[in-house]
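Written out below as structure tokens is the structure these notes cover.
The values are calculated or read from the model by the stated rules, or taken from the named source; none is laboratory data. Just so we're clear, the structure is a prediction, and the values are computed from it rather than from any experiment. All Cβ positions, even for glycine, are placed from backbone atoms using ideal geometry, and neighbour counts span all protein chains on display.
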Amino acid sequence: MCERKLALVTQPLDSAMGILSPTAPKQPARSLVRHDRVPSTIPVAYPRLPTTDKIIPYLNQIDQNRWYTNQGPMCNALQDRLGQFWGVGCDRVALVANATTGITLALQAHNIPFGKLCLMPSWTFTASAAAAISANLQPYFVDVDPYTWIPNPEQIEHLAKADEVGAILIVAPFGAPLDLSRWDDVAERTGRPVIIDAAAAFDTLRQDGPMRPGRSTLVVSLHATKIFGIGEGGAVITHAPAMAEHIRTLARFGFSGSRASLYPSVNAKISEYTAAVGLAGLDCWNTTRAQWLRITALYRKILSPDLMLPPDFGHNWVSATLTVIGHDNTQQTAEYLARHDIQTVSWWGEAVMFSQLMQLARALPSPLRKTTPTVPSACLSG
């Protein structure tokens, strides 16, 4: 455990976004229990998707089209607009049911032999490891640098030399920008595909943003808790149109121009209704992003000088979580905030290193493990 502790709290926004700002009045925390039994607190998250009036024009189009799923006009339109937003072209984006499935399909698309190791950071959300397991790979957890929050590229390159390694999964923590060119180089030198779990990096990847897509496949979450949500969904950004189409094929039972299932595959399509929410969200994205930036600037102003935010956060990129870096014990911080009716969450818990998934991980062969460079221990939240 590194000396610095991270207090990870979903960033509250103003009422226009459906999440509370620091100065907004308190609202009852959402719960499945009766509202009259819920204490008045500031919730961790209070997401709000595009309102009904913004979605209705697209619903009317669906009624006219009578096409409700199976990559219909709404789905194709959303793929096109996301491709333009990220500056990669409409033919390099594949929409999927969720980002976890997107990572699984991205790994499967590289035809990695069953049972190979997938190198990944120990400090990540559990979905990263779950996706690798679903792709018939075994997670191998690597410590992260406490200052960059990602594994050391040189260490990953060294580990990837083992024949047992089939893929590399790197996480952009909470949407923070990565130098993707370095990971493209690692993939080229090792011959191992690199998949970027960019779940929270919707804004970071924008056309004029700080993280430009390269040769490695990226997966973005469109979950309701993200800065751009459609309820449930994900998008895979690929380096080539053929790879995007292959992932779409894997997401529709392996069908490609016929009713023959060509590959081991799943049903991971999104419906036209889900795509309609995404299109409505893109219509008002500039306003939405401006509100995120405004509230982030407010936090920058009121936070203690002893606390730090990630570099350029709120200037060149923004995500749905406000990651505060300090020296105090996060448990004490959470307890203090709770006494003041402010909810917090240790967003990644104790990381996958301490989850049941750790039991499914496998170690590298002893000779390679003994030559692995030493790096700082994983930085854990909570």
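Just one of the listed residues (Ile230, Ile247) is at pLDDT 95 or above, part of a loop (DSSP other than H, G, I, E, B) and within 21 Å of Met74 (Cβ to Cβ), namely Ile230.
Residue count for the range 76-120, restricted to those that are crowded, with 21+ Cβ neighbours inside 10 Å, over 18 Å from the mean Cα position of the chain (by Cα) and farther than 25 Å from Ile150 by Cβ: 1.
Can Ile150 be described as at pLDDT 95 or above, farther than 30 Å from Asp283 by Cα and surrounded by 19 or more Cβ atoms within 10 Å (Cβ to Cβ)? Quick ask: steps written out before the conclusion?
Numbers: at pLDDT 95 or above: no; farther than 30 Å from Asp283 by Cα: yes; surrounded by 19 or more Cβ atoms within 10 Å (Cβ to Cβ): yes.
When the stated conditions are applied, Ile150 does not pass them.
Whenever a residue of the range 269-282 is assigned to a loop (DSSP other than H, G, I, E, B), its partners that are hydroxyl-bearing (Ser, Thr, Tyr) and at pLDDT 95 or above, lying with C-beta atoms within less than 7 angstrom and at least six residues away or across chains, give the pairs Lys269/Thr69; Ser271/Tyr68; Ser271/Thr69. Here Val44 does not qualify as among the β-branched types (Val, Ile, Thr), within 25 Å of the chain's Cα centre (by Cα) and at pLDDT 95 or above. Looking only at the range 84-110, residues that are touching a strand residue (DSSP E or B) at 6+ places or on another chain (Cβ under 7 Å) and either in a strand (DSSP E or B) or without any contact (Cβ under 8 Å) to a residue 40 or more places away in the chain (or both) come to 4 in all.
Within the option set Gly209, Gly214, Gly233, Gly175, being more than 18 Å from Val144 (Cβ to Cβ), under 13 Å from the mean Cα position of the chain (by Cα) and among the small types (Gly, Ala, Ser) holds for one residue only, Gly233.
Of the residues that sit in the range 185-206 and are farther than 17 Å from Ala160 by Cβ and not charged (D, E, K, R), which one is nearest to the chain's Cα centre (by Cα)? If we take residues in the range 185-206 being farther than 17 Å from Ala160 by Cβ and not charged (D, E, K, R), then Ala199 is nearest to the chain's Cα centre (by Cα). Restricting attention to the range 227-258 and to residues that are without any contact (Cβ under 8 Å) to a residue 24 or more places away in the chain and among the small types (Gly, Ala, Ser), the residue that is farthest from Leu95 (Cα to Cα) turns out to be Ser258. Against the test of being part of a loop (DSSP other than H, G, I, E, B), touching a residue at least 12 places away in the same chain (Cβ under 8 Å), surrounded by fewer than 23 Cβ atoms within 10 Å (Cβ to Cβ) and not β-branched (Val, Ile, Thr), the options Trp67, Trp123 yield a single qualifying residue, Trp67.
Scanning the range 250-286 for residues that are modelled with pLDDT of 95 or more and of a type in the set (Ser, Thr, Tyr) returns Ser271, Tyr273, Thr274.
Look through the range 39-57, keep the residues that are hydrophobic (A, V, I, L, M, F, W, C) and in a loop (DSSP other than H, G, I, E, B), and return whichever of them is nearest to Glu232 (Cα to Cα). First the steps, then the outcome.
Looking only at the range 39-57, we keep the residues that are hydrophobic (A, V, I, L, M, F, W, C), and these are 42, 44-45, 49, 55-56.
Cutting the leftovers down to in a loop (DSSP other than H, G, I, E, B) gives us 44-45, 49.
Numbers: Val44: 19, Ala45: 16, Leu49: 11 Å.
My answer is Leu49.
Per this entry, Glu188 is not counted among residues that are touching a residue at least 40 places away in the same chain (Cβ under 8 Å) and either part of a helix (DSSP H, G or I) or more than 17 Å from Ser128 (Cβ to Cβ) (or both). In the range 128-139, of all residues being touching a residue at least 40 places away in the same chain (Cβ under 8 Å) and surrounded by fewer than 22 Cβ atoms within 10 Å (Cβ to Cβ), the one that is farthest from Trp347 (Cα to Cα) corresponds to Gln138.
Scanning the range 313-344 for residues that are of a type in the set (A, V, I, L, M, F, W, C) and closer than 20 Å to Pro47 by Cα, which turns out surrounded by the most Cβ atoms within 10 Å (Cβ to Cβ)? Write out each step before concluding.
Narrowing the range 313-344 to residues of a type in the set (A, V, I, L, M, F, W, C): 313, 317-318, 320, 322, 324-325, 334, 337-338, 342.
Narrowing the set further to residues that are closer than 20 Å to Pro47 by Cα leaves 317-318, 320, 322, 342.
On the way: Trp317: 23, Val318: 22, Ala320: 25, Leu322: 22, Ile342: 18.
Only one residue tops the list, namely Ala320.
Candidates in the range 161-178 are the residues that are modelled with pLDDT under 95 and of a type in the set (A, V, I, L, M); of these, the one that is farthest from Phe313 (Cα to Cα) is Ala162. Selection over the range 173-196 of residues that are closer than 18 Å to Cys118 by Cα and of a type in the set (Gly, Ala, Ser) gives a count of 2.
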